[in-house]
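Here the structure comes first, spelled out in structure tokens, and everything after it is commentary.
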Amino acid sequence: MLTILDKYILKKFFKTFIVSITLILLIFIVFDIKEKIPTYTQGNIPISEIITNYYLMFIPYYANLFSPLFTFIAVIFFTAKMAQQTEFVAILSAGASFGRIMRPYLIGSGLIALVSITANHFFLPKFTKVKIAFEDKWINNNYVNDENNIHKKIGPNQILYMRDYDNRINTATKISIEKIVNNKQTDFLEAESMVWDSLNKEWTLLIVTERKLILQDRLDTLKNQKPLYSQTVKNYPSKKLKIEFTPADMWRYESKVEVMPYFELKEYIARETLRGSDMIPFFEVENYRRTSFPIATIILTVMGVSISSRKIRGGVGLQMALGLLLSCIYIMLMYVFTTLATTSVAPPFIAVWTPNFIFTFVALYFYSKAQR
């Protein structure tokens, strides 16, 4: 049951948070429009698409991205004002402990964190998919894959080679698929090109040669008892083929990781692990970050209340400056440890959660000081 004190603090909490995040989003939108006006006008982009496919997707993405930091700043701002007006002195004099004062802050930050985690895992990937599609269509002049001599592991024993791949028409040229069992090649397929059939979810290969190596029961007695192999060769003008590879596997890594909801991302990580992909840390970092960054909302809130609940000579400005400094340190740690994870220097889980572990101890330190 929420008391008058809880409702009073929660009202200030959410009001300050909403105002601060709204103001920063408006600033972002103004600067983004200013930067992209030439593109919008020269490209004759429909205004309806700009609004619905970009800015309506832009707002929840950045609101969620910055919610922990602006929760922190909002908490420091209104708590410091309460401290300057000696409201905490009155609350403590009425018999409430500092831990009791913290309760509405934890409720507010917990709700924001819960909404953020849910959005990160289930809703924002869908919004981001629309936003990225708009950017690729109108702003990036259609993303073009410029990789050459591409190798993909498409199964435990299969390797796909493509000379090049055109993501605009989902076509690869000079492809080969090699199957290796016990370090020995058993099947080899090559084709001039392959085109994605979006209706049947399969590839159509053109001018195909298929070779199969068969181990004979007898040994080559004339060549040091080496096993004999026979080879069968088949040629096809075209061939339909389903393999563990789709056009989505040729999306930009940042596009793939951002547009997958929780269960789809987990399934993709499991599939890529079986393939032996070297990009697993990149995807695992994203999966863990979707939870760890919102949890930081609660940690930063405890720290923000502890820092700003005392009336100090420097006033709100000094406490805001300290809050911004700590925010910058947190962001720096996030980038440093994320880089360590994506370069395989540290396990993704440890790397992503380390800033939260560090700041938990920092928050507990400030909390213990504030109680005195």
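The values are calculated or read from the model by the stated rules, or taken from the named source; none is laboratory data. Everything numeric here is computed off the predicted structure, so don't read it as measured data. Cβ coordinates were reconstructed from backbone atoms using ideal geometry, including for glycine residues, and neighbour counts include every protein chain displayed.
Things to note:
- Candidates ILE33, ILE29, ILE21, ILE91 - the one that is surrounded by fewer than 14 Cβ atoms within 10 Å (Cβ to Cβ), part of a helix (DSSP H, G or I) and not polar (S, T, N, Q): ILE33
- Residues of the stretch 1-18 that are hydroxyl-bearing (Ser, Thr, Tyr) and assigned to a helix (DSSP H, G or I): TYR8, THR16.
- Residue in the stretch 349-361 that is buried (at least 19 other Cβ atoms within 10 Å of the Cβ) and outside any helix (DSSP H, G or I) present: no
- Out of LYS152, LYS126, sole residue that is modelled with pLDDT under 95, in contact with a helix residue (DSSP H, G or I) (Cβ under 9 Å, 6 or more places away or on another chain) and surrounded by 16 or more Cβ atoms within 10 Å (Cβ to Cβ): LYS152
- In the set (1) crowded, with 17+ Cβ neighbours inside 10 Å; (2) without any contact (Cβ under 8 Å) to a residue 40 or more places away in the chain, LEU10 fails one condition alone, (2).
- Test: PHE293 is under 28 Å from ILE112 (Cα atoms), surrounded by 14 or more Cβ atoms within 10 Å (Cβ to Cβ) and of a type in the set (A, V, I, L, M, F, W, C): yes
- Of all residues assigned to the stretch 40-55, none qualifies as being assigned to a helix (DSSP H, G or I), under 20 Å from ILE132 (Cα atoms), acidic (Asp, Glu) and within 24 Å of the chain's Cα centre (by Cα).
- Being more than 20 Å from the chain's Cα centre (by Cα) and over 19 Å from PHE13 (Cβ atoms) is a property that does not hold for LYS266.
Per-residue answers, yes or no, for (1) under 23 Å from THR354 (Cα atoms); (2) without any contact (Cβ under 8 Å) to a residue 60 or more places away in the chain; (3) assigned by TED's automatic domain parsing to the domain that holds ILE331:
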residue: GLU258; (1), (2), (3): yes, no, no
residue: PRO261; (1), (2), (3): no, no, no
residue: TYR268; (1), (2), (3): no, yes, no
residue: THR273; (1), (2), (3): no, yes, no
residue: TYR288; (1), (2), (3): yes, no, yes
residue: THR291; (1), (2), (3): yes, no, yes
residue: ILE295; (1), (2), (3): yes, no, yes
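- Screening the stretch 237-271 for residues that are among the hydroxyl-bearing types (Ser, Thr, Tyr) and part of a helix (DSSP H, G or I) and picking the one that is modelled with the highest pLDDT gives TYR262.
- Residues that are assigned to a loop (DSSP other than H, G, I, E, B) and either within 13 Å of GLN319 (Cβ to Cβ) or without any contact (Cβ under 8 Å) to a residue 40 or more places away in the chain (or both) within the stretch 70-88 comprise just one, GLN85.
- Unique residue being crowded, with 16+ Cβ neighbours inside 10 Å, modelled with pLDDT under 90, in a helix (DSSP H, G or I) and touching a helix residue (DSSP H, G or I) at 6+ places or on another chain (Cβ under 8 Å) when the list is ILE132, ILE117: ILE132
- In the stretch 272-294, the qualifying residues are those that are hydroxyl-bearing (Ser, Thr, Tyr) and assigned to a helix (DSSP H, G or I), and the one that is farthest from ILE132 (Cα to Cα) is THR273.
- Subset tally (residues that are of a type in the set (S, T, N, Q), within 15 Å of the chain's Cα centre (by Cα) and surrounded by 15 or more Cβ atoms within 10 Å (Cβ to Cβ)) for the stretch 324-343: 2
- Flag for ASN170 being at positive phi and surrounded by 13 or more Cβ atoms within 10 Å (Cβ to Cβ): yes
- Scoring ARG310 on the criteria (1) in a helix (DSSP H, G or I); (2) within 22 Å of ILE91 (Cβ to Cβ) leaves a single failure, condition (1).
- Count of residues meeting criterion [over 23 Å from ILE214 (Cβ atoms) and modelled with pLDDT of 90 or more] in the stretch 166-192: 6
- For TYR161, the criteria (1) within 27 Å of ASP136 (Cβ to Cβ); (2) surrounded by fewer than 16 Cβ atoms within 10 Å (Cβ to Cβ); (3) modelled with pLDDT under 90 hold in every case but one, which is (3).
- Residue check for PRO104: part of a helix (DSSP H, G or I), over 25 Å from the mean Cα position of the chain (by Cα), of a type outside the set (D, E, K, R) and surrounded by 16 or more Cβ atoms within 10 Å (Cβ to Cβ): yes
- Matching residues in the stretch 31-87 - criterion: being over 24 Å from PRO261 (Cβ atoms) and among the acidic types (Asp, Glu): ASP32, GLU35, GLU87
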